[in-house]
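Reviewing the structure listed below.
No lab work stands behind these numbers, since they all come straight from the coordinates. Keep in mind the model is a prediction, meaning the values are calculated, not measured. Don't worry about glycine lacking a Cβ; one is built from the backbone with ideal geometry, like all the others, and counts go over all protein chains shown.
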Amino acid sequence: MTTSDQSPQLELLQGTLDLLILQTLLRGPAHGHAIAKSIESRSEEVLQVGHGSLYPALQRLLKQRLIMAGDGVSENNRKARFYRLTAAGRKKLFAETSKWQRFSEAIARVLSPLPEHGK
Amino acid sequence: MNWWKRRSEQLDDEMRKHIEFETQQNIEAGMPPHEAHYAALRKFGNLSSVKEESREVWGWIWMERLWQDVRYAVRGLLKSPGFTSVALLSLLMGIGVTTALFSVVYGVLIAPYPYAKPDEIWALGVLGPKDRPPGWHSYSRREFFEIQKLPAFADAMATSFEPVLLTGGTNPQSFYGILLTGNAFHFIGVPALLGRTIQPFDIKGDGEPAPVVVLTYRFWQQNFNGDPGAIGKTLVLNDVRHTIIGVMPPRFGWYTNDSFWLPMRMNLTDETPTNVIVRLRPGVSKEAAEQQLQNLNVRFAAEKPRNFPKDGFRTQLMNYMDITVASGEMASSLHLLSLAVGFLLLISCVNVANLQLARTTTRRREIAVRLSIGAGRARLVRQLLTESVLLSLFGGALGIAFALGVTRVIAMLIPADYIPNEARITMNGYVLLFSFAVSVLTGILFGLTPAIRCSRPDLVDALKDGGRGTGASVKGQAIRTWLVIAEVALSVMLLAGAVLAIRGFSHLLNVNPGFQPEKTLMVDIPLNPKRYPTIEQRNRFDRELLENIANLPGVRSAAIGNGGLPFGGARSSYSIEGQPEAPDKRIVTSLISNDYLRTLGIPLKRGRQMTLQEVTTGDHLAIINETAAKLWPAGEDPIGRRIKIDALTDLGSPQILIPAGSSAEVTVVGIAADTRNQGLRDVTLPGAYVPYTLVAPPNRRLAIRTVADPLKILNAVRERVHEMDKDLPLGRPVTLQEILGFETVEPRFNMALFSCFAGLGLALAAAGIYSVISYDVTQRAHEIGVRFALGAKRRDVLVLVLRMVVKVSALGLIVGLCLSVVLERVVRFQVFAATSFDAISAIGIIGVLFLISVMAAVLPAVKAGRVDPVIALRHEA
């Protein structure tokens, strides 16, 4: 009902965004702006559409119970909504990471130059 | 909803802080505060679409949107109350009236019977070379047995009836008892409400029926107060004690709905005609069955040529539904009324379409604005759809309520004598669904088309076009003008129908029946054939009865008029002395006493009346009517001539008696003025009055002219009859004026409904004219302003508006009148009796329509006259 009409490219971006959020939260709880900044520093294009696209992703992760939300105090002493990883989120992150690693290793093997025949 | 609200607020707050933090960082990075804020906003992206996307993840978005759309739609509809109320009214009428009338059609014409598979019942018709349609042929009991044995038929049953005298109670009562073959109830397929129905074993092997009786629901209610203990009790019918074995449900009225059914005596020598119906054996074609029956009929005709057409015949099976319900006056007027409500439904759909078109066209700008600030096209269409559906549903709900009421009113108005006993008129779900769907779809379709058209991405045009319509909206206006013309044309056709119905009705009220109906009572006195088995007994009774009643104080005169009082009568073939036989011509024969013409107030034109002496002795004399006098060539005086009337000796039933050796020839002694002897709506047929003593049927009908209120004499009459024979019942008394009233019941029904429908149609058309003209005035405010600025007078502007109205209604009028004339020629409007379309009707229609259109144009014209040129022109800039 909600995301089915989106293009595959966007889906890919969304998947990446989800992983990036989980990755960011692995270092500890963070509020939305901090997450955005952290992602921005690591990947240029994912947040190209705007910081705003972070929020639908956060709602999605909340719904999947991969992250949790709670109130906290920001670095400039303001009350803000902090997100942190749940156990499920942690597991999901590792699973995805190892999957990606396996996948990129496989790709790397396929793309690496073949050893010369007969040597 | 609370959770939803809290979470929405939380999200809003979170995003606001996000932007705040970003702004802060930007300031720290050295941006001026103002710029820092905008940079943060830019970086964040489209705030509201992010909010929406986030909420979408929660999964409740459709509900939120629906709720939002509904609220928006309600607000929008309330903001234009004129549009909303006219649209609702149109839906209400379209759905309400259509459903109501089609419910009546369904109840009366399509499913009037509770019988098992009524459409598979066939009646047996015989068709002479000139007959069309075929007549329902009747058979004797012996013939019925042979028909039953035909291999083509799965089942066959016969119905007959005879007068039955109920005695043993306080007052003797006379009924028509319905005689049925043993398999009849099984054939019809309706179980008893209480007890059991007549079964084959109720008629013994030798054809003798058991003394059992099955009651109608009404008889049971009236005579036993609905007591279930009535089963097993006895009724004395024709002096024989009959056991009540069953009561039928209220919705069962095979040939009667207030008497009872008896097993038929299957006497092979009994020649009383019975009505036979059959069901075909599965797999047997109608043609094959007709062939078998034809062969049988040919044999019957050889045995009794009198019962069949003289010069050859064909056998035809007639569907029972067709001959009992789908023919006749009620059927044709219902067909016509269906056509009328069809028009009404069309008009209301056109109206709704028109309104929706006008509304969405004015909203083009709004739609364009919303699109340009980022509303999705699908979302927008969905919202407009919500509005259309909401309006339609609400209108539909009102329509259903209205339909319930109207169905009840029509069911009350419909003359009971014209519909089958078992017809039940209730609101029909399928019809309701149909008209509901049609109206709602119209609303949605015409509500959406402009939305879809407008939401194409040529926003620039739409925005530039602004409030004033050019280009596409002019095209929309043209469509709507044509729709209104169609509406006017349709309502003109309805109006034409109404005018014809009204004129037909008033014509009927002015028809001179040929007799004087005032202060005349009619009452039937049926003699029990077994107690009065000879014609001498019956004639003696009649003579004494007339003497007794004529001598009552308050009675001016009394007469017997068996058959043909005041309408109908036996149609007999005849031959005039000195003329060749005309086998297919008929004369209507009435059996009268000497005072008949005086009692009914029918003037004698020439010749003389019959004397008491002549009537008593049964002289073979006749008085003929003027139409019959024309059967003789001009210049030849019928008086003194002889005419042979076959019905005087050729009797249909053994219960009708004639003097031994009586001849069918009578001598004309007088010529009476014509009466409408076939009812007010039909032409007068040749008629002959002969002495009642020549033929004595079981029933006698008396006409009693009184000095004062005719019903006041009733008790005295009853006492006299009781003195003569205490077991003799009196039929239901009725005055001649009431009988004339019955004649106008059906035309009155037509007139009432047609006028209502035409009124509704006109109201809808007026609303259509109003909406188009008033919209047009709004659209042309600028032009009108320019006109004013250039020195046009208010009168000129009024003329401008009126010209638009006249254009629309004149075109509609012409189209409507042409179609009405064509339709009248194509459909034979037997419903409207003698009237046909003429100049007076046309002038009436034009007048009414003109009045209505001017009324519809008054408001827009006033509005146009009030246009302020300054405002109108500034609007342009």
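For the pair B:A116 and B:E287, what calculated FRET efficiency results from E = 1/(1 + (r/R0)^6), where r is the Cβ-Cβ distance and R0 = 25 Å, to the nearest 0.05?
Using R0 = 25 Å, I get an efficiency of 0.55.
Mind listing P(r) for chain B? All alpha-carbon pairs, 20 Å bins, whole percents.
12, 32, 28, 17, 9, 3, 0
If amide hydrogens are placed 1.01 Å from N in the peptide plane, which non-local residues have theirs closer than 5 Å to the one on B:N319?
B:A123
So what's the back-of-envelope 222 nm ellipticity for the protein assembly as shown, counting only DSSP H runs of four-plus at -39500 (n - 2.57) apiece and dividing by all residues, rounded to 500?
-17500 deg cm²/dmol, from helical runs alone.
So which trypsin sites (Lys or Arg not before Pro) in the range A:23-110 end up in coil per DSSP with only 14 or fewer other C-beta atoms within 10 Å?
A:R27, A:R65, A:R78
Aspartates and glutamates within cross-link reach of B:K807: Cα-Cα under 16 Å, excluding same-chain residues under 8 positions apart?
Output for B:K807: B:E487, B:D776.
Assuming R0 = 41 Å, what is the FRET efficiency of B:N225 and B:R531, from their Cβ-Cβ distance, to the nearest 0.05?
0.85
In terms of Cα to Cα distance under 17 Å, which lysines are near enough to B:K310, apart from those fewer than 8 places away along the same chain?
Result set, ordered by chain and number: B:K130, B:K585.
Reported to two decimal places, what Rg/Rh ratio describes the range B:667-787 when computed on Cα atoms with Rh from the Kirkwood expression?
1.38
Return the tail of the calculated pair distribution for the range B:528-727, meaning the percent of Cα-Cα pairs more than 30 Å apart.
20
Please report the base-10 log of the normalised intensity I(q)/I(0) for the range B:24-171, using a Debye sum with one equal scatterer per alpha carbon and no solvent, at each q in 0.14, 0.17 (1/Å).
Calculated log10 I(q)/I(0) at the listed q: -1.04, -1.18.
Which log10 I(q)/I(0) values, to two decimals, does the protein assembly as shown give at q = 0.05, 0.07, 0.08 Å⁻¹ under the Debye formula with one point per Cα?
Log-scaled intensity ratios, in q order: -0.55, -0.83, -0.95.
Using alpha carbons only, how many angstrom separate the centre of the range B:45-99 from the centre of the range B:501-554?
Centre-to-centre (Cα) distance: 69 Å.
For the range B:106-180, how big is Rg over Rh, using alpha carbon atoms and the Kirkwood form of Rh?
1.08
Distance between the C-alpha centers of the range B:165-192 and the range B:611-634? Whole Å please.
Using only Cα atoms to place each centre, the spacing works out to 40 Å.
Antiparallel DSSP bridges in chain B: what percent, to the nearest 5?
80
For B:K807 and B:Y176 in one chain, what is 0.36 nm times their gap in residues minus the Cα-Cα distance, to one decimal in nm?
220.8 nm
Principal axes first, then extents: for the Cα atoms of the range B:610-717, list largest minus smallest coordinate on each axis, whole Å, largest first.
Result for the range B:610-717: principal-axis Cα extents of 48, 35, 29 Å.
Which residues' amide hydrogens lie under 5 Å from the amide hydrogen of B:H137, considering only partners 5 or more residues apart or on another chain, with H built in the peptide plane?
Under 5 Å from the amide H of B:H137: B:L124, B:G125, B:V126.
Order these by the 10 Å Cβ neighbour count, fewest first: B:C756, B:C818.
B:C818, B:C756
Please provide three numbers in whole Å: the alpha-carbon extents of the range B:2-59 along the principal axes, with the largest listed first.
Ordered largest first, the range B:2-59 gives principal extents of 41, 17, 13 Å.
Where in the range B:118-178 are there trypsin sites (Lys or Arg not before Pro) that are in a DSSP coil and have at most 10 other Cβ atoms within 10 angstrom of their Cβ?
B:K130
Summarise the partner chain shielding of B:12-20 as one whole number: the mean count of Cβ atoms from other chains within 10 Å of each residue's Cβ.
That works out to 5 on average.
Among B:D227, B:D674, which comes first, then next, by fewest other beta-carbon atoms within 10 Å?
The order, fewest Cβ neighbours first, is B:D227, B:D674.
Cβ under 15 Å from B:I840's Cβ, B:I840 left aside: what net charge do those residues give with Lys, Arg +1 and Asp, Glu -1?
Spelling it out: positives minus negatives among the neighbours equals -1.
For chain B, list the DSSP H helices whose alpha carbon atoms reach 27 Å or more along the long axis and whose average Kyte-Doolittle value is -1.0 or above?
The qualifying helices are B:81-105, B:328-362, B:377-413, B:429-454, B:472-510, B:745-779, B:794-826, B:839-865.
If I model a spin label at B:R608 and B:E547 as a point 7 Å from the Cα along the Cα→Cβ vector, what separation in nanometres do I get?
Taking the two extended label points, one gets 2.3 nm.
Order by neighbour count: B:Y320, A:Y55, fewest other Cβ atoms within 10 Å first, most last.
B:Y320, A:Y55
Calculate log10 I(q)/I(0) of the range A:8-111 for q = 0.18 Å⁻¹, where I(q) comes from the Debye formula with a single equal point scatterer on each Cα and nothing for solvent.
Evaluating at q = 0.18 Å⁻¹ gives log10 I(q)/I(0) of -0.89.
Students often forget the sequence filter, so: which lysines lie under 20 Å Cα-Cα from B:K43 once same-chain residues fewer than 8 apart are removed?
A:K37, B:K17, B:K51
With N denoting the number of residues in the range B:241-388, provide Rg(C-alpha) divided by 2.2 N^0.38 Å, to two decimal places.
Expressed relative to 2.2 N^0.38 Å, the Cα Rg reads 2.15.
What is the calculated FRET efficiency for B:W482 to B:F850, with r their C-beta to C-beta distance and R₀ = 22 Å, to the nearest 0.05?
FRET efficiency, B:W482 to B:F850: 0.60.
Return the distance in nm (one decimal) between the two label points of a simple spin-label model at A:Q101 and B:R377, each offset 7 Å from Cα along Cα→Cβ.
Rounded to a tenth, the inter-label distance reads 4.8 nm.
Once you place label points 7 Å from the Cα toward the Cβ at B:L711 and B:V745, how far apart are they in nm?
It is 1.6 nm.
Would you kindly compute the Cα radius of gyration of the range B:141-193 and its largest Cα-Cα separation (Dmax), both in Å?
Reported Rg and Dmax, both Å: 15.4, 50.
Starting from the Kirkwood radius over alpha-carbon pairs of the range B:194-270, derive D by Stokes-Einstein at 4 °C in a medium of 1.567 mPa s and give it in µm² s⁻¹.
Estimated via Stokes-Einstein, D reaches 101 µm²/s.
Mind jotting down a quarter of the surface of the convex hull over the alpha carbons of the range B:118-324, in square nanometres, one decimal?
The number I arrive at for the range B:118-324 is 12.2 nm².
Mind checking the full-extension length gain between B:I27 and B:D258? Use 0.36 nm per residue of separation minus the Cα-Cα distance, one decimal, nm.
Residue separation times 0.36 nm, minus the Cα-Cα distance, leaves 73.2 nm.
Output the pairs from B:K605/B:K712; A:K63/A:K92; B:K117/B:K149 with a Cα-Cα distance over 24 Å in this structure; if there are none, say none.
Flagged as over cut-off: B:K605/B:K712.
Are any of the pairs B:K204/B:K286; B:K519/B:K644; B:K79/B:K863 more than 27 Å apart by Cα-Cα distance, and if so, which?
Correct reply: B:K204/B:K286; B:K519/B:K644.
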